[in-house]
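What follows is a single structure, written as structure tokens, with notes after it.
The values are calculated or read from the model by the stated rules, or taken from the named source; none is laboratory data. Since we're looking at a predicted model, the values are computed, not measured. Using ideal geometry, Cβ is built from the backbone for each residue, glycine included, and neighbour counts are taken over all protein chains shown.
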């Protein structure tokens, strides 16, 4: 029997034990009011960025080297970017997209690999606020909450 991988998320805090949830992330002491509960990036975004790097004979980035919490498989980077300002579900957990997670040079510095910032521009993912406490599991689907018509 295969065990399903999952993480506990805490409303208005993030992933239990994550660097931002514990306020020990690289930028935790700056902009304390900034919502950084969880970060999401798309599989397609990582693959496209790595294709860009490969075409320049540069090393690709592993999923974990992007420093994003969750990789979403079923949507394009532009669709994920459009969730900023929107409320959506990942499995049974409600999230609200707060801002684009613009790439910086920190992953390149940590890995010694070049051009993270340029490769991931437009596909670096988003930050989101966690609105419910519960669990997110590998394979959970992302679903968008339709706006209520007036």
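What to note about this one:
- Of the helices (runs of 4 or more DSSP H) lying entirely inside the range 27-123, those containing at least 3 residues that are within 26 Å of residue 7 (Cα to Cα) and either touching a residue at least 24 places away in the same chain (Cβ under 8 Å) or within 12 Å of the chain's Cα centre (by Cα) (or both) span 43-55, 77-81, 106-111.
- Positions within the range 125-139 being modelled with pLDDT of 95 or more and part of a loop (DSSP other than H, G, I, E, B), in sequence order: 125, 131, 132, 133
- Residues in the range 140-150 that are surrounded by fewer than 17 Cβ atoms within 10 Å (Cβ to Cβ) and not in a loop (DSSP other than H, G, I, E, B): 143, 144.
- On inspection, residue 140 does not qualify as in contact with a strand residue (DSSP E or B) (Cβ under 7 Å, 6 or more places away or on another chain), without any contact (Cβ under 8 Å) to a residue 24 or more places away in the chain and within 28 Å of residue 10 (Cβ to Cβ).
- Condition met for residue 72 (at pLDDT 95 or above, in contact with a helix residue (DSSP H, G or I) (Cβ under 8 Å, 6 or more places away or on another chain) and over 19 Å from residue 104 (Cα atoms)): yes
- In the range 86-133, of all residues being at positive phi and in contact with a helix residue (DSSP H, G or I) (Cβ under 9 Å, 6 or more places away or on another chain), the one that is surrounded by the most Cβ atoms within 10 Å (Cβ to Cβ) corresponds to 125.
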